[in-house]
Amino acid sequence: MDGFKTQLKASLQFRLSFILSAVIVAVAGIAGVFSFFSALDEAHELQDDVLYQIAELMDQQHLVLAPGNASAHLADGDQDSYIIIQRLGPPAAGYRPPPEGALSLPGNLAEGMHTLESRGDTYRVLVKSRPSGERVAIAQETDFRDGIARESALRTLMPFLILVPILLLIIPRLVRRLFQPMAGLSGEIDRRSFEDLSPVPDRHLPTEVRPFVIAINRLLTRLARSRETQRRFVADAAHELRSPMTALSLQAERLGESDLPPSARERLSALRQGIQRGRNLLDQLLSLAKAQSAVDPAITPGPTSIPVLYRRVLEDLIPQAQAKAVDLGVTQVPDIRIQASELDLGAIIRNLVDNAIRYTPVGGRIDLSAREVGDMVELCVSDTGPGIPIPERKRVFDPFYRVLGTEQVGSGLGLAIVRTIVARLGADIDLDFSDVAAETGLKVTIRFRQTPSA
């Protein structure tokens, strides 16, 4: 019972179904009772009309009860359906007491319909004076009459007894169907990426739901403005900081040309590394702001060739890999094209390969591959580095987060940029070990839900 009350309070759909069902049952019950008693009264009136018709027929046909016989029976073989006709009045010449089977009725009964008891049974009796002055009683047992009336009344209840259960079965389905637009809207919003703040379409929605959708769209508009303001601040701040960082770098270069003692040169080298890290951080901040920026929906990116994309990334990053004696190459890349911007795909692969070079030890290996799986395309970057522990895999996509225990220099923005672009493209990203048995290495797989075009 507590579960029913909880569901009744929590679910509007269940509450509406319950209320409609209760109303239908109540209305059907009231209508059924009214119909039953109305049909019962109507059946009784029809049966009374039968007695009047018999009396009228006797007058029209000038039927006379046989002399010396005070009563007659009209029946179809069923004793309960007998119509009893007998004289009424005081004893007169030739009048004898009613024979066995006749009713004991007082002779002074008023004309009209009466309900009387005789011989332990109840009868419906019509008393009528004939043109000859003779008074007769036409009677029928009420049990038989009531049985016929009840059967007639119950037949009027049959539509209610059949239709009400059918309605109770149909109502939940109808209510569920009426709520389908809201369920579809909920699924559409749930499938959206966190980067998609476009307005929710409010057409084909019930009028009662549309105000909520309008309020949600206003909230999404405010969130989009807030995010755009934040993105512009980060981009402007990074852009403004690039000039002083460039000036510091030039000053450090000039200072390196001077005649400095060894201790000063060591400090200058540390200063240069710090300046370079700052410049890399600013570049990553600009990349992140660019990745988070809204894309014009009117611009349809052309198909990007994955082999060409991989070749350009390798041309840019092979010097960095060679400096660390890392084997960087492509293992399997068929001629695949993805309907996405080459700049976006290039930023994804370039950040993944750059991270792999940073964390792969000297003499390690980095492989790039791509394949078609059904109607999906998978891009994969695999390395022989330490990998990412399973508990850390959700956090590594947060900006500025870095796995504890690593000694590599970085900004912690690479995977955040990758996830932002992947979400905007409607793709999925998955992290796993390159060597599952040894739980080492990192394998990053990006899946695009689209049919590749040749």
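The values are calculated or read from the model by the stated rules, or taken from the named source; none is laboratory data. Since the structure is predicted, the reported quantities are computational estimates derived from the model, not experimental observations. Virtual Cβ from ideal backbone geometry, glycine too; neighbours counted across all protein chains shown. What goes into the accessible areas is simple: the full protein's heavy atoms, side chains included, and nothing from ligands, DNA or RNA. Shrake-Rupley method; radii C 1.70, N 1.55, O 1.52, S 1.80 Å.
Some notes on this structure:
- What a 1.4 Å probe finds exposed on segment 300-449 is 50% carbon and sulfur by accessible area, rounded to a whole percent.
- Label positions at Glu342 and Arg150, each projected 7 Å from the Cα along the C-beta direction, are separated by 9.2 nm.
- Computed E for Leu174/Ser38 - FRET, C-beta separation, R0 22 angstrom, nearest 0.05: 0.15
- With every protein chain in place, segment 115-190: carbon and sulfur % of accessible area (1.4 Å): 61 percent
- Accessible surface area normalised per residue over segment 300-449 is 48 Å², counting heavy atoms of protein chains with a 1.4 Å rolling probe.
- Extension gain (nm, one decimal) between Glu134 and Gln53, 0.36 nm per residue minus Cα-Cα: 27.4 nm
- For segment 420-439 versus segment 190-221, the inter-centroid distance based on Cα atoms is 30 Å.
- Take the Cα of Arg265, step 7 Å toward its Cβ, do the same at Leu248, and the gap between the two points is 2.4 nm.
- Each listed q (0.11, 0.21 Å⁻¹) maps to a log10 I(q)/I(0) for segment 300-449 from the Debye sum over equal C-alpha point scatterers, namely -0.39, -1.51.
- Principal axes of segment 345-393: Cα extent on each, largest first, Å: 36, 25, 19
- FRET efficiency for Asp375 and Val308, using Cβ-Cβ distance with R0 set to 22 Å, rounded to 0.05: 0.50
- Additional length obtainable on full extension of the chain from Ala438 to Asp283, 0.36 nm per residue less Cα span: 52.3 nm
- Only Cα pairs under 8 Å and 6+ residues apart enter the sum, and on that basis the relative contact order of segment 210-290 stands at 47 percent.
- A crude spin-label estimate for the pair Asp202 and Ile162, with each label 7 Å from Cα along the Cβ direction, gives 4.7 nm.
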